[in-house]
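Engineer: Sharing a structure with you now.
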Amino acid sequence: MQVIISKEIQSRFGEIAEMVKGREPVTITQYGRPTMLLMRYDDGINVLKLQAKEKMLSLLQERNGQTQPSPLSEEEMYQFVNEEIEAYYAQK
């Protein structure tokens, strides 16, 4: 995954967009801290669906009196998303 400062986005947007289209997410930083993640639209939708499923499962478990699973750390989420993206494109 590429890490790019926000000023570079302004001057290299076309090049960065092509990296993202080529299935490489880009972390955008401001003042040295990650603030945004730029990824392909389809990949972003899949992440949102995954989050929605996780939230629904958590709510159902809570409603049924089951213990709630611990949330994924940011690193675990990135790893999981990257594994899912790789598996998805390996099938095509």
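Engineer: Out of (1) in contact with an Asp or Glu (Cβ under 8 Å, 6 or more places away or on another chain); (2) at pLDDT 85 or above, the odd one out for Pro34 is which?
Structural biologist: (1)
Engineer: If you don't mind, another one. Quickly run through region 37-92 and pick out the residues that are at pLDDT 80 or above and among the polar types (S, T, N, Q).
Structural biologist: Asn46, Gln51, listed by residue number.
Engineer: So if I check each of Gln30, Gln61, Gln2, which one is polar (S, T, N, Q) and without any contact (Cβ under 8 Å) to a residue 12 or more places away in the chain?
Structural biologist: Result of the check over Gln30, Gln61, Gln2: Gln61.
The values are calculated or read from the model by the stated rules, or taken from the named source; none is laboratory data. This is a predicted model, so every value here is computed, not measured. Cβ sites come from the backbone with ideal geometry, for glycine too, and all protein chains shown count toward neighbours.
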